[in-house]
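Read the structure below first, then the notes.
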Amino acid sequence: MHKPNATKGARMKRAAVGISLFLSFGLTAPGANAQTMPPQGLYCSCPPTTSQSHSVVPDVASKDFVTGILVRVAWSDLEPVEGAPSWTLLDNELALAKQYGKKVALAVVNGSSAPAWLAAKGAQMFAYSFRGNSATMPVPWDAVYLSAWTNFIAKLGERYRDDPAITLVHITHSSQNGFEMQIPFSPQDQQAWQQIGYAADRHIQSWKSVVDAFAAAFPAKPLDVEV
């Protein structure tokens, strides 16, 4: 008796896949060659890269059928001091992926994983609850935050744009979980956003600025946005 709902669910699932593929292709640089085409194969969304855990998990990376690994690392871990990125975590994870002969989809997690010095520098922060815990994220259109984030993206590109192991770079911005596009959206959150001047145009323009920054930093890499 639930066949219509199941059919609708299947259509929605196909649509979601279509959106994901469209964004991946749509953000590929003009004049794309083999290097800039979106990657193919099976990539593991494994644990985040931290001082305590690896994204390149040996039990997964040792499998022949696994093409690559999603390496997720927090912005706060890569730039604990403003303007002085520390690349050790990411360098080590890339070396580990190469040891296993695996490709890497790279994502620097933002949002609640933004560095603490942003608030001290004067960036406006938004407080919310995430998975039962208190969290803060930079307001996406805040000028102090956008300047710091796009500067970091440029440095990230300077170091890794030519690394052949990286086959995809995720465009991340200040969002609820720092990886996908959504912002906190409970009724209380929606009211709080309105109180600090939320407008769709401001949010969209901030995304355009970040997309442009990633495109400039990684001109020969496929880029995508998680939706």
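Before moving on, here are some points about what is shown:
- Within region 97-110, the set of residues being surrounded by fewer than 18 Cβ atoms within 10 Å (Cβ to Cβ) and touching a helix residue (DSSP H, G or I) at 6+ places or on another chain (Cβ under 6 Å) comprises just one member, Y100.
- Filtered residues of region 143-193 (kept if touching a Pro at 6+ places or on another chain (Cβ under 6 Å) and either among the basic types (K, R) or free of Cβ contacts under 8 Å to residues at least 60 places away in the same chain (or both)): Y145, K155
- Some residue of region 151-163 being open to solvent by less than 20 Å² (accessible area, probe 1.4 Å), among the β-branched types (V, I, T), closer than 29 Å to A105 by Cα and in contact with a helix residue (DSSP H, G or I) (Cβ under 7 Å, 6 or more places away or on another chain): yes
- Residue check for V104: in contact with a Phe, Trp or Tyr (Cβ under 8 Å, 6 or more places away or on another chain), closer than 27 Å to T67 by Cα and at pLDDT 95 or above: no
- Taken over region 72-96, the criterion of being closer than 17 Å to R161 by Cα, open to solvent by 50 Å² or more (accessible area, probe 1.4 Å) and of a type in the set (A, V, I, L, M, F, W, C) is satisfied by A95 alone.
- Qualifying residue in region 59-67 (condition: modelled with pLDDT of 90 or more and under 20 Å from the mean Cα position of the chain (by Cα)): yes
- Scanning region 201-227 for residues that are of a type outside the set (S, T, Y), assigned to a helix (DSSP H, G or I) and either touching a residue at least 60 places away in the same chain (Cβ under 8 Å) or open to solvent by less than 50 Å² (accessible area, probe 1.4 Å) (or both) turns up R202, H203, Q205, W207, V210, V211, A213, F214, A215, A216, A217.
- Filtering D91, D59, D77 for residues that are within 20 Å of L168 (Cβ to Cβ) and of a type in the set (D, E) leaves a single hit, D91.
- Exclusive hit being more than 12 Å from V71 (Cβ to Cβ) and either surrounded by 22 or more Cβ atoms within 10 Å (Cβ to Cβ) or among the aromatic types (F, W, Y) (or both), set S129, S113, S147: S113
- Selection of region 159-194 for residues being hydrophobic (A, V, I, L, M, F, W, C), touching a Ser or Thr at 6+ places or on another chain (Cβ under 8 Å) and within 17 Å of L78 (Cα to Cα) yields only F179.
The values are calculated or read from the model by the stated rules, or taken from the named source; none is laboratory data. Everything numeric in this text was worked out from a predicted model, so none of it was measured. A quick note on method: Cβ atoms are made from the backbone with ideal geometry, for glycine too, and the neighbour counts reach across all protein chains shown. Only protein heavy atoms, including side chains, enter the accessible area calculation; ligands, DNA and RNA are left aside. Shrake-Rupley method; radii C 1.70, N 1.55, O 1.52, S 1.80 Å.
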